[in-house]
Amino acid sequence: MMVPLSEQELYDHAVTLATTLTEESRDYVSAATIHAEHLHDLPAAARLLCRGSRFGDATRLLALNGQQALIPEIVDTGLADAMGTMTDLLADFRSQLNAQVPRIRELRVRRITDPLAYFGGDPTTGELGVDIPDNVSLAPTDASTLAGRSMFTRYTGNTGKTGKTSSSRQSSRNRRREERKRAKGKKGTVYEEEYLVNSVRRLIERVNTTIPEVETLVDALLRRNMRERAAAVEKTMQEVVKLCVESREEIVGSAVETPAQQQQQPDENPEEGNEFAAVATDSLASAQNLQIPTVKSMKQSALLN
């Protein structure tokens, strides 16, 4: 406003800035301020405040400017939309936990009870296109057998001196390929557990940031005399929080390794060419030691309890 712009130029600039804040930055409160103070469009400002979960400010803005009649249309509609969005989000949280936590449990049980299947099948079958030396009936050679080795031996490509022919460039490519597989966390691979644990961690972080939003929404619903809706949202949020706490305890509690599990781990210092073992070791260690945040508690509304 201190720059010498014409009234039309200043108006166009305000519209452009408000649109950018709304559509790109998702800064609804700042956009609402521009609409209220510079464009003098109070209904639009109130709607933006509702999109930013500032229902009390939207109500106050309309009431102070003699537009109380618009409160049911704007604020109540904004509350209904926010409740619908929040209900869908909480349902997604619950369905994700119900699908992923049992799968993590299943993978950990399988890793203990059937490690060969967990890490890719029976190494004596030659699956995955890997040739396993079998020189029991042959003259002594430098080739090694599976005896005394971990199940990851079949991925090393090292069978004595003759096995150390792969270049470092090939090893690097193989390592990058395994890292890409690890990032995808495809179902049925050794990297699935880490992927799922990371997914649950991110979900709990999202739940922690959603709790204040739900508390604000509950208060706003009560202020507009929507007690049943407020109670329903609060109850659903409490159920999700409880499920998160139980899921976190199970994932963290079952991550403690037993001696039997340690024996099934790949070599700590995998040899050159053992890219699968190296990446799988990192993946399993990450899944076991990943720090999952503590679930925050939700403040229950005194008006509902």
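For this structure, a couple of remarks:
- For the pair THR113 and ASN305, a Förster radius of 41 Å applied to the C-beta separation gives a FRET efficiency near 0.35, rounded to the nearest 0.05.
- Extension gain for the segment ALA91 to THR216, taken as residue separation times 0.36 nm less the Cα-Cα distance, is 43.1 nm to one decimal.
- Approximate spin-label separation LEU10-SER286, in nm, with each point projected 7 Å along Cα-to-Cβ: 5.4
- Spin-label model distance (nm) - ARG180 vs ASP27, 7 Å beyond Cα toward Cβ: 3.9
Bear in mind that the values in this text are calculations on the coordinates, not laboratory data. Because the structure is a prediction, the values reported are computed rather than measured. A quick note on method: Cβ atoms are made from the backbone with ideal geometry, for glycine too, and the neighbour counts reach across all protein chains shown.
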